[in-house]
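Worksheet: the structure to be examined is printed underneath.
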Amino acid sequence: MNLESQAFNANEMIPSQYTCDGEEISPELHWDAPPTGTQSLALIVDDPDAPGQTFVHWVVYDIPPETRQLPQGIPAQEPLPKGGTQGKNDFGNLGYGGPCPPSGIHRYFFKLYALDRTLKLDAGATKEQLQAAMSGHILASSELIGRYART
């Protein structure tokens, strides 16, 4: 699988409209077909450069395997219009929370996982709960890194 975005290229700056300095909407993401046997997809977006701990910005799971994109501006609702469930970010909210680093340039890791089962977690699951449920069920993964610094 190859994870990409029309909003930014790998290792380039994320436009401010997707951050706390702009509209704070989720960027469009798209990917290739997952491997045979994929039953669901999951997405984790986090910032390992955050002070003290890796900060989670978005958790989405049970995305149908035939899905090839998440459009820009996914609302914080359940369920997603074309399937999938959103978890809780480290802002304490359901859905996407945009980059908002306190200082310097931070890296934001968008990680997509192809899984051999659906997870059936309730809405609002955390990254830790998602990772525990995915353990032993990951068929493939892909990563897209964007960067952001507040001006």
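Against the conditions (1) in contact (Cβ under 8 Å) with a residue 60 or more places away in the chain; (2) over 12 Å from the mean Cα position of the chain (by Cα); (3) closer than 22 Å to L144 by Cα, T118 satisfies every one except (3).
Restricting E78, E128 to residues that are among the acidic types (D, E), open to solvent by 50 Å² or more (accessible area, probe 1.4 Å), touching a residue at least 40 places away in the same chain (Cβ under 8 Å) and more than 23 Å from D32 (Cα to Cα) narrows the list to E78. In contact with a strand residue (DSSP E or B) (Cβ under 6 Å, 6 or more places away or on another chain), of a type in the set (D, E), open to solvent by 30 Å² or more (accessible area, probe 1.4 Å) and not in a loop (DSSP other than H, G, I, E, B) - does that describe any residue in the stretch 137-149? Looking for residues that are in contact with a strand residue (DSSP E or B) (Cβ under 6 Å, 6 or more places away or on another chain), of a type in the set (D, E), open to solvent by 30 Å² or more (accessible area, probe 1.4 Å) and not in a loop (DSSP other than H, G, I, E, B), one finds at least one in the stretch 137-149, hence yes. Checked against (1) on the phi > 0 side of the Ramachandran plot; (2) open to solvent by less than 80 Å² (accessible area, probe 1.4 Å); (3) touching a residue at least 12 places away in the same chain (Cβ under 8 Å), G92 passes all but condition (3). Could you list, in sequence order, the residues of the stretch 17-36 that are open to solvent by less than 60 Å² (accessible area, probe 1.4 Å) and closer than 24 Å to A76 by Cβ? Answer for the stretch 17-36, where residues must be open to solvent by less than 60 Å² (accessible area, probe 1.4 Å) and closer than 24 Å to A76 by Cβ: Y18, T19, C20, G22, I25, S26, P27, E28, L29, H30, W31.
Residue pairs whose Cβ atoms lie under 9 Å apart, separated by 6 or more positions or on different chains, with the first residue in the stretch 2-15 and under 20 Å from G104 (Cα atoms) and the second acidic (D, E) and exposed (fewer than 15 other Cβ atoms within 10 Å of the Cβ), are A10/E143. Considering only residues in the stretch 52-72 that are at pLDDT 95 or above and either farther than 21 Å from N2 by Cα or of a type in the set (D, E, K, R) (or both), the one that is most open to solvent (accessible area, probe 1.4 Å) turns out to be E66.
Considering only the stretch 95-112, how many residues are surrounded by fewer than 19 Cβ atoms within 10 Å (Cβ to Cβ) and in contact with a Cys (Cβ under 8 Å, 6 or more places away or on another chain)? The qualifying residues number 1. Return a yes/no flag: does the stretch 86-97 have any residue that is basic (K, R) and under 15 Å from A114 (Cβ atoms). No, that holds for no residue.
The values are calculated or read from the model by the stated rules, or taken from the named source; none is laboratory data. Not measured: the values here are computed from a predicted model. Cβ: placed from backbone, ideal geometry, glycine included. Neighbour counts: every protein chain shown. The accessibility values were calculated without ligands, DNA or RNA, using every heavy atom of the protein model including side chains. Shrake-Rupley method; radii C 1.70, N 1.55, O 1.52, S 1.80 Å.
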